[in-house]
Amino acid sequence: MTHAVARLRQTRLAASTKPFNARGSSLVRCDRCRLSVSHCVCEWRPSVPTRAGMCLLMGDIESLKPSNTGWLIADVVPDTFAFGWSRTQPDPGFVALLADPAWQPVVVFPGDLVEPERVVNDLSGLSCAAPGAAASGAVVPGPRPLFVLLDGTWTEARKMFRKS
């Protein structure tokens, strides 16, 4: 199974002019979960049925890092999207996803680092329950929540938030 982060990683590797050597690059890693073979979690990987989607906006080399938690999110949440961040040239797929009326994007970022008027504290209007999970079996109306995560170091994430 390839997911959005794996595809972004392959695209980023293809564009690289030199090899990326992460800390611990001498470890033998599982091709699926990217953890050390001795700590592979693939057989315990759950699939989380949810209406919510995850959108990872990733710093330049984040998808190359074997310890990237975005990889684990993409393993667990079926509707995960991953895009490389660029201040001046946003990915057209990312722009289209944000404009898609099927989704209600919500940027997940620490509220104490932004202006108070930009903080959303009430997400009660968004339903994250899996389709068909309601007792009545009725489909939940309205757009699906799309949680946008700025995936990078804290310094990179602050820069991405401030400049986007």
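The values are calculated or read from the model by the stated rules, or taken from the named source; none is laboratory data. Worth saying up front: this structure is predicted, and the values here are computed from it rather than measured. Here Cβ is always computed from backbone atoms with ideal geometry, including for glycine, and neighbour counts include all displayed protein chains. Heavy atoms of the whole protein, side chains included, go into the accessibility calculation; ligands, DNA and RNA do not. Shrake-Rupley method; radii C 1.70, N 1.55, O 1.52, S 1.80 Å.
Screening Pro49, Pro66 for residues that are over 12 Å from the mean Cα position of the chain (by Cα) and over 30 Å from Arg87 (Cβ atoms) leaves exactly one candidate, Pro49. The strands (runs of 3 or more DSSP E) found wholly in segment 42-127 and carrying at least 3 residues that are surrounded by fewer than 18 Cβ atoms within 10 Å (Cβ to Cβ) occupy 103-108. The C-beta contact set for segment 23-52 (first residue closer than 16 Å to His3 by Cα, second residue open to solvent by 70 Å² or more (accessible area, probe 1.4 Å), distance under 7 angstrom, 6+ apart or interchain) comprises Cys30/Val37; Cys42/Arg32; Ser47/Pro78. Take the conditions of a type outside the set (Asp, Glu), within 27 Å of Cys30 (Cα to Cα) and at pLDDT 85 or above and apply them to Gly70. Does it pass? Against the criterion (of a type outside the set (Asp, Glu), within 27 Å of Cys30 (Cα to Cα) and at pLDDT 85 or above), Gly70 qualifies.
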